[in-house]
Each structure stands twice: as C-alpha cells, then as structure tokens.
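Okay, structure first, notes after.
Bear in mind these aren't lab numbers, they're just calculated from the coordinates by the rules spelled out. A quick note: this is a predicted structure, and the numbers were derived from the prediction, not measured. Every residue, glycine as well, gets a Cβ built from its backbone with ideal geometry; the counts of neighbours run over all protein chains shown.
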Amino acid sequence: MTQESVIPDFTVLLSPTPRGAHLARLLAVQQLRDWQLPLDAAEHIVAELAANAVTHGKVPGRDFRLTLYVVGDTLRIEVTDTRGDRLPGAQPLTADAESGRGLHLVDALADRWGVAEGPTPRKTVWAEISIPAPEHGRPCSGVTGGLSQGRTRVKEPDQAPPLPPTAQTHPRG
C-alpha cells in the first residue's frame, strides 16, 4: 500500500465540556469531508457519543478521546472516557421524557455499536457504519486486522430490535 492510498486514523483528545462535545462533532465532520466519506449518520453518532461522554463519563481534569478510522467498507467511531464504572444503556422511551434518546438514535443510525471496557478506568463506546466500497484510486485506511468488537449483537434486516441482556451490550435495534 502506498502512502497516497492511506487515510490516517483520526484521534483527538477533548475537554469533557459541552464545548468539547461540540468540537468533536465539528472535527469529525471536517475529517469525514477530507476523507470524502458520507457525513449524515456519522455526524449524529459522534454528537450523541460525545455528549454522553461529557454528561455521563466526565471526570474533572480528564479528557475524552474521539477516534475515527476505516477498515474495508466500515467506518468505526470510538469515544473513550474515564468512567469505566458507568456503562451506557438505552433507557425506555416515554413520550414526556426530556432526555434519554441519544443511544436510541445511535442504535437507529449505526450498523453495530457496543461498549469495550478498560483498561481501567476507561471505557470506549463504539459504533460502526457501512460505507461505500473505495473506488479504484480512492484512499482507504491504513488500519489492518479486524475491528475489536467488545460486546455486541448485530440486528438482522427486518428483525424487531432485541432488548439488550445487560447494560454492556448494545446492538443496532
């Protein structure tokens, strides 16, 4: 693989503040544009995962990390925070709820998502989106090997969304 055909992985540390979450979305959008990849689903997923890291994974003085990379026809989005003791879980939806819809949105937009625990005190919430196969001459990621899944399940097409058995497993539903 030549240097011209490699998309470098994108990783950035951000402050665990609303401004940091907003910056995560803006930086991800710019990076995806640079890579000439679809934006819509990825932008929303980054926004939700970053907002959750800031809201539920915040530890004063410890940043959260956003990582984007492509393996084959899959865009992987990872948000790592330092609250490994607080694993995410989609909450039941109610008509009058003012929050709690973020992971449902991630579930609807991602092909797969889940949580990878550790190393202590960290956790990584990840989501994967299928992207169009690279055209001849179009860059593809320099990452090799498979994607580390942590705990996950994958929804089959037209299957009713299953209920996750634990707070650590979150398939697309």
inquiry  = Taking R0 as 25 Å, what FRET efficiency do you get between residue 59 and residue 19 from their Cβ-Cβ distance, rounded to the nearest 0.05?
reply    = 0.90
note = Karplus-derived 3J(HN,Hα) from phi for the range 60-68 (6.51 cos²θ - 1.76 cosθ + 1.60, θ = phi - 60°), whole Hz, x at Gly and Pro, runs x, x, 10, 6, 10, 10, 10, 10, 10
task = Subtract the Cα-Cα distance of residue 85 and residue 30 from 0.36 nm times their separation in residues, and report this length gain in nm to one decimal.
result = 16.6 nm
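Work out how much length residue 43 to residue 120 would gain on full extension: take 0.36 nm times their residue separation and subtract the Cα-Cα distance, in nm to one decimal. Kindly include the intermediate steps, with their values, before the conclusion.
Working: separation 77, 0.36 × 77 = 27.72 nm, distance 2.81 nm.
Separation in residues times 0.36 nm, less the Cα-Cα distance, equals 24.9 nm.
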